[in-house]
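Scroll down for the structure; my scribbles are underneath it.
The values are calculated or read from the model by the stated rules, or taken from the named source; none is laboratory data. Owing to the predicted nature of the structure, the values given are computational and were not obtained by experimental measurement. Cβ sites come from the backbone with ideal geometry, for glycine too, and all protein chains shown count toward neighbours.
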Amino acid sequence: MPLLAHFLPLTFVVPMILVTDFLASLALGTHTRQHARWDELKPLMPFSILGVLIGTTLLVKLPEAPLLATLGLFVLLFGARNVLDLHGTRTISRRWAMPAGLTGGAIGALFGTGGPPYVIYLNHRLHDKAELRATFSGLFFLEGGLRIVVFLIAGLLLNTTLLLSILAALPLVALGLFLGNRVHIGLSPLQMQRIIGIILLVSGTSLLWRAWV
């Protein structure tokens with residue numbers, strides 16, 4: 001997402017990433033959703049819906065420069081969190097579902113990358129890895145479907161060039177899923193997390209530079 005934002009407007013990139021990511025999530029998560037903790041998603045979804053509506057309105061109304069700067073800061077913060085391995089395990093109250101849902105929905109609608117607030121919240125609610133993965137999959141399916149409906153209503157998906165780009169990207173998405181499921185690159189989860197964090201730090205910095213020049 002941060003890389004594509006250098007070359008294409010956010011109103012084009014965000015819907016494209018949304019649809020391709022939704023289809024990829026659907027393909028990956030079909031066999032795991034029976035393990036999802038739907039009771040943990042119920043407090044999130046009302047606030048996610050409100051966040052998606054707010055984020056979509058801002059995406060349509062705001063000029064691109066402040067959006068790029070905000071995306072850059074968001075990517076920088078999440079990249080730093082990965083590099084420094086700032087991941088707690090303490091169980092938190094369900095009251096945190098309100099800020100997690102609002103920020104996750106709004107950021108997802110604005111930038112197509114709403115996962116981090118959800119990930120942080122659910123990591124502090126669920127400690128079984130199978131349940132956590134299945135719950136993430138169920139959440140992204142529900143929230144992604146919601147964003148698609150809202151984007152259709154807002155007219156963000158009613159673009160022939162965008163639809164053709166999505167169709168052109170699907171074979172690459174399928175290839176990426178195939179390779180990602182089969183290639184073992186010999187890195188530990190912590191090493192991979194830090195590599196992703198460094199990439200996010202670089203891309204976030206470049207987005208801030210682009211927004212300010």
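A few notes on this one:
- Residues of the range 84-131 that turn out to be loosely packed, with under 15 Cβ neighbours inside 10 Å, at pLDDT below 80 and of a type outside the set (S, T, N, Q), as a count: 10
- Look at (1) part of a helix (DSSP H, G or I); (2) at pLDDT below 85 and you find that residue 169 fails only one, number (2).
- Among residues of the range 74-83, those that are at pLDDT 80 or above and in contact with a helix residue (DSSP H, G or I) (Cβ under 7 Å, 6 or more places away or on another chain), counted: 2
- The range 124-141, residues that are among the hydroxyl-bearing types (Ser, Thr, Tyr) and either under 17 Å from residue 94 (Cα atoms) or in contact with a Phe, Trp or Tyr (Cβ under 7 Å, 6 or more places away or on another chain) (or both): 135
- Contact map, the range 142-158: residues that are among the basic types (Lys, Arg) paired with residues that are surrounded by 17 or more Cβ atoms within 10 Å (Cβ to Cβ), Cβ distance under 6 Å, separation 6+ or inter-chain. Pairs shown: 147/18; 147/52; 147/109.
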